[in-house]
Structures are given as structure tokens and as C-alpha cells.
Amino acid sequence: MRGNPLSEPAPSGPPHPAELRLDEIMRRVACGDKEAFTVLYDAVVDTVFGIVLKVVRDRAQSEEVAQEVMIDLWRRAPRYDPEKGSVHAWASMIAHRRAVDRVRSAEAAANRDRDHAVRDLQRPYDDVAERAETRLQSQQVRRCMKQLTELQRQAVTLAYYQGLTYREVAETLRTPLPTVKTRMRDGLIRLRDCMGVTA
């Protein structure tokens, strides 16, 4: 394939026979004929570039996408079926799909960048707010815990901060299980009321 035919003038030389139809050219391209691909390239590149430019709207990117389309035509030549449409129609379809894919990819990248920027801006505020809220709640819990009886405070601490079961709390405090259950229930009610939590 040549350097960048989009920006180079068409080479001079003897013209290819006009009677050679593009579907025959495509058949030869499918067999790996590089000269036939040169003919195909010259025949469809302007159409391909025009379609891509209308969708992408950026000349440099459009040239890039058009080159990708031409490579696609070379690789996919064996799949071309003249029964389903002309070479120009097939090349146009591939060009349009490639152009739309490029626009969608660019939009997705822009959205990802914007989302990252928004998260980065919000994170410090969210972290500070969360830490402040946690600290205030901890202070409130400590204040409310002071309002419990000694047995209630010990039972709640063992059950909720150390993960002991009612039976283990009773054994640790050497207190009958029914008493521990009653004290914990009463203690939790007092905590809930103190912290303003509605049932």
C-alpha cells in the first residue's frame, strides 16, 4: 500500500481499462492482487473520505478512518458479494460504520474523562463529610452510652462491639441469661431514644 494517497496526487501513467468493472477488480483484490487494489483505492477513496468526513467532522481523524476503511476493503475483499450491491455501496457502508464507531469511541472517552474529573472533585468533599459525620455519630453514641447503667453498658459493649452472643455476655458478666437479655433490651431502647432514632 502507498504512503498516504489521501494527500498525494494520483500517479500519472497509462489509465486502466475503463471497461474493467469494479466487481472484477474486487475479485482480483480478494486474490491478493496489489495492482487491482491500487485501482480499487483510486476508484473509491474519495467517496470513502467524503462519507467519513461528514460523520467525524475532523479532517485529520477522517483521513485516519478512511485509511482504516481502505485496509478493511483489502482484508475483507473475499467477503464481497456483487449480488448484494455495488463495490461503491459496500465501501460506503463500511466507511459509515467505521466513522460512527470513531465518533462513539471519542464520545465514550470524553464521558469517561468527565466522570473521572467529577469523581475526583467530589471525593475530597465526600471523604471529609463522611469522616465528620462518623465522628459526630461516635461522640453521640459515647454520650448516650454514659446514660446506661453499668450492666447495660457492659452488655451492649460486649454484644455489639465485641460480637458476643447473649449467652457469652451472660457468662462473661456472670449474670443470669434472662437478666442480660432484659438489660440489653432496656439499654438499646434508651440508646435509641437518646440518639433520636425512630423505630
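The table below gives the values:
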read-out	value
Segment T165-E64, length gained on full extension (0.36 nm per residue, minus Cα span)	29.5 nm
Probe 1.4 Å - accessible area at H88, Å² to nearest ten	70 Å²
With DNA, RNA and ligands ignored, accessible area of C31 (1.4 Å probe; Å², nearest 10)	100 Å²
Lysines whose Cα lies under 23 Å from that of K146, excluding same-chain neighbours fewer than 8 positions away	K181
Whichever lysines have a C-alpha closer than 22 Å to that of K34, once near sequence neighbours (fewer than 8 apart) are set aside	none
Area of E168 that stays accessible when all protein chains are in place (1.4 Å probe, Å², to 10)	80 Å²
Heavy-atom accessible area ranking, 1.4 Å probe, most first, across Y41, Y166, Y161	Y161, Y166, Y41
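The values are calculated or read from the model by the stated rules, or taken from the named source; none is laboratory data. Keep in mind the model is a prediction, meaning the values are calculated, not measured. Each accessible area value is taken on the protein alone, full model and side chains, heavy atoms only, with ligands, DNA and RNA left out. Shrake-Rupley method; radii C 1.70, N 1.55, O 1.52, S 1.80 Å.
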